[in-house]
Structures are given as C-alpha cells and as structure tokens.
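Okay, structure first, notes after.
The values are calculated or read from the model by the stated rules, or taken from the named source; none is laboratory data. This structure is a prediction, so every number in the text was calculated from the model and none was measured. Neighbour counts run over all protein chains shown; Cβ positions are idealised from the backbone, glycine included.
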Amino acid sequence: MKKLIYLDNAATTRTSEEVVAAMLPYFTEYYGNPSSVYEFAGVSKKAVSESRRTIAETIGAKENEIYFTAGGSEADNWALKAAAEAYQDKGKHIITTKIEHHAILHTAEYLEKRGFEITYVGVDENGSVKLDELEKAIRPDTILISVMFANNEIGTVQPIREIGAIAKKHGILFHTDAVQAYGQLPIQVDEYNIDMMSASAHKLNGPKGIGFLYIRKGVKIRSFVHGGAQERKRRAGTENVPGIVGFGKAAELAVKSMAERTQKETELRDYLIDRVLKEVPYTRLNGHRTNRLPNNANFSFQFIEGESLLILLDNDGICGSSGSACTSGSLDPSHVLLAIGLPHEIAHGSLRLTLSAETTKEDIDYVVDSIRTIVERLRSMSPLYEDFLKKNARNR
Ligand SMILES: *Cc1c(COP(=O)(O)O)cnc(C)c1O
C-alpha cells in the first residue's frame, strides 16, 4: 500500500492489537449468551461484568451506573429522549449548545417537534460555551443541560466543572457528550457533577459499534430498547460481548497511558500548529489555543476550498477532514465554525487534523510540507486570491 498518514483520529481510531487480542476468544471460544444459565455462558457474563467494572472505575462511577450501547450516537439519543420523557412533568425546556455533535443536535430537533423547547447557547470566538448565557437561559421548567466535554471539530475543551456547578445549583440534570474527551482527558463524574455521560470505544482505539451511557443512580431513566432484561432492563438485546470486552481493554489502556501519550501528542500538535501558522500565510487556527484536545488541530486557509485541499492531501497519502458537512451531501460549512463567528468563505477553507499516539515528528514534517505546497498551488489558481493580491498591491 502507498504511504498512509492517518490524521483523522477524531473520526475513528485504529483498534489496537491488544484490544483485538482481548476480544478474539469471545467470538470463537466463549461465544455463549451471557443470559444463559449454564457454566459456559457464565464466562461471557463474567467478561461483561469485568469490563463494566473497569469502565466504571475510570470515571469514578459504580458498576450499575454504566449502560452499554451501540455507540456514542445511541448514548446521546438515549440521554436526551429518556430525560425528556421522564422529567416532562417538571417541564419541557432543555438547554444545549450550538456546537454539539449531530447526535445531540438532531435529537434536540426531534424533541422540538414533539413539544419540547430547546435553547442553543452560543460560544465565544475560541469555541468556549458562554457561561453567563447558559445560566441566563435557565428557567423554572428547565429539565436538562447537555454540553459536550470537548468539541469534535475544533477541539475546544468546555468549562465542564463550572457547567456542572451551575446545573447542580439550579437542581437541573447535567448530561455531557464525552465521546471525544473520554480516554484523552481525566474525567471523574462526581468532581464535575455529571449526571449522565456518553462515550464510544472506537474513539479510543477500541472497536466500532460499542459505547456506554453513564446514568447516575437516582436519575429517573427510561428503557431505550425494549425486549429482554439485559442492561438491567434498560437496553434490551444480547450483549455485544466481544465489543464490550474490547471497550474495557481500550479504556484500561487509554487511562493507563493517558499522561504520557497526551503529553507527546500535545507537543506534536503544537509543533504542527506553529509550523503551519508560520509557514502558510493567511491561515488561522480554530478553537482555543491551549485549552483544546491534546490531538486536535483545526485550520482555516483563506482563498481555498477545504474539499480540494483534502483531495490533494489524499493524493499524498494524508487522511484529514474538512470543516464542511459534505458527507451529508450538502456543502454548508460546519455549524461549529459558523458558531465561532467565521464567515462562510473562511469556514469553507478548513482542515481538521487529529493525531494519534503513533504520529511521529517525521509525519508532521511531511504533512506540513504537503499542506504548504498544496495551499500555494490552489491559491495560484484562485481568482479570489488574485484579486486580493492586486488590491494589496494598489493599496501599497
Ligand atoms: C463520534 C462522536 C459521536 C458519535 O459516536 P458514534 O460511536 O460514532 O456513534 C458523538 N459525539 C461526538 C462528540 C463524537 O465525536
């Protein structure tokens, strides 16, 4: 295969060999259904509960507060829909933000169509949620605040401690979509007053299609999938045993390696950011300069289309992601980039690069050189850039 530099770890990560090795026996050797009564199935059952314990420990939760789901999107859907249903007697108002993942935003829209009122709180130019706006949005009928721990596009880490404190002060449930943060940042649910939290294994070198929703004891919840008695009757369906085992292993490894791994990633991330900003003119960094995910860099290059940049990077064997929602068939710029105040034309020229523990300085050097060359080439073909240069020359 040709050169591959994978810098799209916010989209998904490589499943680590150790995780795969932990999962394998649960396909062919211990394939029993955890709900069956014989000893053979007990092996599967024990594996599920060990994984649940491992994961609970990583966030300071109790085992019976972890509910396995089929990923982050399901956990987000569950948290919002179940809280809305369970607490609608108290009120029908929910607060979230303008920069959430679509798993939250589209669920919120679904609830709006069913009579709930949603307030979408804005963010500042760095992508940090405006705390004063959030607190002002609280009403007597507010039942839930849902704010992501860290943003998947621009990497900004939210003031979760402050938001948790605000929610607690007003006696409102607090959910956080921690899909990007879990495994990258230390999270303790009590410390941050988190009542519900979503996570997904494939963002931390675990398998795809397995996630969890943490639900604090005492929170009124509703079953999400009806059927058998799995997940304490809240989420029916035969457990994804290999997936759950893989998630447990991935969580264990991520927490164990966190300090060292994220320090190395932060250094490389800053090296990437510094070089790009220095060597490619008319470029900006999106998201908070320091208070961001250790592996995230997000740039806007003036006068070019992010899509063209991505295709040419792909030719060089580099996997990145753009800031427009082209995957959904539209060419609208990302709602996150618009929320931080970028004009459409600048948001369109955006590139997200997200590192992994395997990324090297050589990779970054290669990528920066490639970006510089491609951006120069695209700009040389851009009438907008030509106009800009002419105008500049006239003004001089
Ligand atoms: C990836 C992601 C999700 C969705 O998780 P899946 O497991 O892919 O369904 C939700 N929220 C955020 C912030 C994400 O990055």
Next item on the list: State yes or no: is Ile94 over 27 Å from Asn205 (Cβ atoms) and surrounded by 23 or more Cβ atoms within 10 Å (Cβ to Cβ)?
Entry: yes
Next item on the list: Go through the range 196-223 and give me each residue that's surrounded by 24 or more Cβ atoms within 10 Å (Cβ to Cβ), more than 9 Å from the ligand (Cβ to nearest atom), under 17 Å from Ala79 (Cα atoms) and of a type outside the set (Val, Ile, Thr).
Entry: Met196, Met197, Phe212, Leu213, Tyr214
Item checked: Count - residues of the range 48-72 that are farther than 16 Å from Ala181 by Cβ, touching a residue at least 24 places away in the same chain (Cβ under 8 Å) and of a type in the set (S, T, N, Q) -> 4
Item checked: Pair list, Cβ < 6 Å and 6+ apart or interchain, from the range 1-13 residues that are within 10 Å of the ligand (Cβ to nearest atom) to residues that are assigned to a loop (DSSP other than H, G, I, E, B) and not charged (D, E, K, R) -> Ala10/Asn152
Margin query: For Thr58, only one of the following conditions fails: (1) under 22 Å from Asn205 (Cβ atoms); (2) within 15 Å of the ligand (Cβ to nearest atom). What is its number?
Written below: (2)
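Yes/no matrix, rows are residues, columns are (1) in a loop (DSSP other than H, G, I, E, B); (2) in contact (Cβ under 8 Å) with a residue 12 or more places away in the chain; (3) over 28 Å from Leu253 (Cα atoms):
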site	(1), (2), (3)
Val20	no, yes, no
Asn77	no, yes, no
Leu80	no, yes, yes
Asp89	yes, no, yes
Leu111	no, yes, yes
Note to self: Of the conditions (1) modelled with pLDDT under 95; (2) surrounded by fewer than 18 Cβ atoms within 10 Å (Cβ to Cβ); (3) in contact with a Phe, Trp or Tyr (Cβ under 9 Å, 6 or more places away or on another chain), Tyr282 satisfies every one except a single condition; which number is it?
What the structure shows: (1)
Margin query: For a quick check of your reading: which helices (runs of 4 or more DSSP H) sit entirely within the range 285-396 and have at least 1 residues that are of a type in the set (A, V, I, L, M, F, W, C) and modelled with pLDDT under 95?
Written below: 344-347, 383-395
